[in-house]
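What follows is a single structure, written as structure tokens, with notes after it.
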Amino acid sequence: MEALLTPIETAALLRISLRTLYTWTETGQIPAIKVGTRWRYSRGEIERLARGGEVKIPGAGESRSGSRFRAGAREDGVILPPPPPPPPRRG
């Protein structure tokens, strides 16, 4: 049986927000499995996307119907490093 990832693990691997992940999930742009009331993601599929696979995103780029977006990259193809961790909380 293939390993499944939680939404938090999946968003971290793809370097996207949870909101974006859920939007992609609900619109069928990323493969997901519903386990009870929770979404799970195939580790193999997500790792393929994180290595540079493509996720279809309507509205990105010039055409609403056929645009492609490379996971973890800007539209110009530049792959960005992960953001720095937030500063420690005081108080």
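The values are calculated or read from the model by the stated rules, or taken from the named source; none is laboratory data. Given the structure is predicted, the values throughout are model-derived calculations rather than measurements. Here the Cβ is made from the backbone with ideal geometry for all residues, glycine too, and neighbour counts use every protein chain on show.
Would you confirm, using the coordinates I've provided, whether ILE46 is at pLDDT below 70 and under 13 Å from the mean Cα position of the chain (by Cα)? Spelling it out, it is not the case that ILE46 is at pLDDT below 70 and under 13 Å from the mean Cα position of the chain (by Cα).
Could you look through region 8-43, keep only residues that are assigned to a loop (DSSP other than H, G, I, E, B) and hydrophobic (A, V, I, L, M, F, W, C), and pick out the one that is surrounded by the fewest Cβ atoms within 10 Å (Cβ to Cβ)? If we take residues in region 8-43 being assigned to a loop (DSSP other than H, G, I, E, B) and hydrophobic (A, V, I, L, M, F, W, C), then ILE16 is surrounded by the fewest Cβ atoms within 10 Å (Cβ to Cβ).
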